[in-house]
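Following this message is one structure expressed as structure tokens.
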Amino acid sequence: MADGIVLAANDSGERPPIRVAFCITDLDVGGAERMFVELVTRLDRRRWEPRVFCLSGPGALVEKLQANNIPVTCFSAKSVRTLGVIWRLAAELKKFRPALMQSFLFHANLVGRLAAWLARVPRMVCGIRVAERRSPVPLWLDRLTQGFVDHNVCVSHAVADFSIRNARLKDSKVSVIANGVDYHRFASATAVDRASLGLTTAPLVLFVGRLDPQKAPLVLLGAFERLIARHTDWQLLFVGEGPLRTSMTEWVIEHRLKSSVHFTGWRPDVPELLKAADVLVLPSLWEGMPNIVLESMAAGLPVVVSRVEGTEDLIRDGETGLLTTPGSVEEVEQQIEKVLMDREFSTSLASAAQQIVANGFTLEAMIHSYEQLYLSLLQNDARSAS
């Protein structure tokens, strides 16, 4: 990257806020996108001057950024193949002149590092949010363009290990900053009225996330079909949207489970939904560090999750939650039953999980770690220039 910028003090002896550019693929509602917005909006504005660049069109989260007086530029690029977005972003960076750029998600990482190099941004930090298993191409491109990157922040130790091993990233350029959660918001939420969702007071299994093959909601449906044969009043609620929504709805009708399985689409009242449920189940095939697991733990809701990237950073099996083998319908069935049939065990899991989040996975801890990383990179610049 280009040589560092040494920021001069103003007439009062105070240093002006450091300009930081943030780049993300889109600003639609999603786990990585929400963490991105939390990071940008919670930075100390006396120290940092953030500006956001979004490769796609305006998404639902733009409003929160603008409400916090953070400028947002959306390029409305239809895909990363729209190469012109690299030069458009570079032109905006040249005007903004940030000391550092932070990107989130693969496409923003790729476009951002190239644009930052063209604009001679002194420091480039990429956020790796997931262990990419769909295709080897992203890993190859990450490896190919690492010369443009000063540092990579992985969301969990498992993602860091995966990236070092499979993308061949240098250990010295990789660190881990876990997601954080607004602990008090989730811990103190009031449960939503189940009747308003067409639900009864019987045990409720909750899934929150994209209805996408990665999250394996069909595994949960398979497990629940087995459970409902023994526990006829149990209920399953899916909160979220995705490409599997239609096929899942058809499956539920075909198996005559419409009175037991419910779909709400996306909802803004996740803390209240977590408080109303009896167990959160996330049978993903791969992850980074799933926010919904952290949020459930903060809310005091026991969790059953697959043993994938990030979950082992959070869950001690049998102590703070229950882990299953990815893709195993039988294990998901068994672990749900174990939680719902033993109230004392369920309460023990939830209490221990809440303590884990309160002690180390708060938004305050996450923001502090990012700020310390940025300062470390920029101080290295200052020392090199002096």
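No lab work stands behind these numbers, since they all come straight from the coordinates. Predicted, not measured: the structure shown is a model, and the values here were computed from it. Cβ coordinates were reconstructed from backbone atoms using ideal geometry, including for glycine residues, and neighbour counts include every protein chain displayed.
Taking every pair of Cα atoms in the range 183-360, average 1/r, invert it to obtain the Kirkwood radius, and report Rg/Rh to two decimals.
In the range 183-360, Rg relative to Rh is 0.93.
To the nearest 20 debye, what charge dipole does the chain have about its Cα centre, counting +1 at the Cβ of each Lys and Arg and -1 at the Cβ of each Asp and Glu?
Dipole size: approximately 1460 debye.
Nearest 20 debye, what's the magnitude of the dipole of the range 183-360 about its Cα centre given +1 on Lys and Arg Cβ and -1 on Asp and Glu Cβ?
360 debye
State the answer as a single residue: which of 127, 72, 59 lies farthest towards the positive end of the charge dipole of the range 39-162, with beta carbon charges of +1 for Lys and Arg and -1 for Asp and Glu, about the Cα centre.
So the residue furthest toward the plus end is 72.
Classify the range 189-234 as rounded, prolate or oblate from the Cα gyration tensor: take a ≥ b ≥ c as the square roots of its eigenvalues, call it rounded if a/c is under 1.5, otherwise prolate when a/b beats b/c and oblate if not.
Because a/c hits 1.5 or more and a/b fails to exceed b/c, the range 189-234 counts as oblate.
Does the range 96-169 come out rounded, prolate or oblate by the C-alpha gyration tensor, with a ≥ b ≥ c the root eigenvalues, rounded set by a/c under 1.5 and, if not, prolate when a/b is larger than b/c and oblate if not?
It is prolate, given that a/c is not under 1.5 and a/b is the larger ratio.
Count charges around residue 27 for me, please; just the other residues with Cβ under 14 Å from its Cβ, Lys/Arg as +1, Asp/Glu as -1.
It works out to a net charge of -2.
Compare 341, 289, 366 in a GNM of the chain, Cα atoms joined below 10 Å, and give the one with the largest fluctuation.
341
With Cβ to Cβ distances under 11 Å as the rule, what net charge do the other residues near residue 140 carry (K, R +1; D, E -1)?
0
Also, quick follow-up: May I ask you to order 194-204, 210-220 by the average number of other C-beta atoms within 10 Å around their residues, highest value first?
Going by the mean number of other Cβ atoms within 10 Å, highest first, we get 210-220, 194-204.
What does the helix-only formula give at 222 nm for the chain: each DSSP H stretch with n ≥ 4 adding -39500 (n - 2.57), the total divided by the residues, and the result rounded to the nearest 500 deg cm²/dmol?
-13000 deg cm²/dmol
Which translational diffusion coefficient, to the nearest whole µm²/s, is obtained for the chain from the Stokes-Einstein equation, given a Kirkwood hydrodynamic radius over C-alpha pairs, 4 °C and 1.567 mPa s?
Value of D from the Cα-based Kirkwood radius: 59 µm²/s.
Taking the alpha-carbon centroid of each part, what is the distance from the range 115-158 to the range 226-295 in angstrom?
Between the Cα centre of the range 115-158 and that of the range 226-295, the gap is 33 Å.
Another one. Taking the Cα centre as origin and putting +1 on Lys and Arg beta-carbons and -1 on Asp and Glu beta-carbons, what dipole magnitude results for the range 262-314, to the nearest 20 debye?
140 debye
Non-local amide H neighbours of residue 263 (under 5 Å, H modeled in plane, Pro and chain starts lacking H): which ones?
Amide H neighbours of residue 263, under 5 Å, 5+ apart: 238.
For the range 40-109 and the range 17-31, what is the separation of their Cα centres, given in Å?
Measuring centre to centre over Cα atoms gives 5 Å.
With unit charges on the beta carbon (Lys/Arg positive, Asp/Glu negative), name the residue among 321, 188, 221 whose Cα is farthest towards the positive pole of the charge dipole of the range 183-360.
It is 188.
Sort 226-239, 271-284, 142-155 by packing, meaning the average of other beta carbons within 10 Å per residue, with the highest value first.
Averaged packing, sorted descending, gives the order 271-284, 142-155, 226-239.
Follow-up question, since we're still on this one. Taking the Kirkwood radius as the inverse of the mean 1/r across Cα pairs, report the Rg/Rh of the range 146-271.
Here the Rg-to-Rh quotient is 1.11.
For the range 183-360, what relative contact order do you get, as a whole percent, if you take Cα pairs closer than 8 Å and at least 6 residues apart?
26 percent
Relative contact order for the chain: what percent, with Cα pairs under 8 Å and sequence separation of 6 or more?
16 percent
Which entries of 64/170; 95/173; 215/258; 215/275 show an alpha-carbon separation above 24 angstrom in the structure shown?
As for pairs spanning more than 24 Å Cα to Cα, those are 64/170; 95/173.
Cβ neighbours within 10 Å, averaged per peptide: list 101-111, 15-25 in order, most packed at the top.
The most tightly packed comes first, giving 101-111, 15-25.
Under 15 Å from the Cβ of residue 184, count the other residues' Cβ atoms, weight Lys and Arg +1, Asp and Glu -1, and hand me the total.
Result for the local shell: -2.
For Cα pairs less than 8 Å apart in space and 6+ apart in sequence, what is the mean separation divided by the residue count of the range 216-305, i.e. the relative contact order in percent?
31 percent
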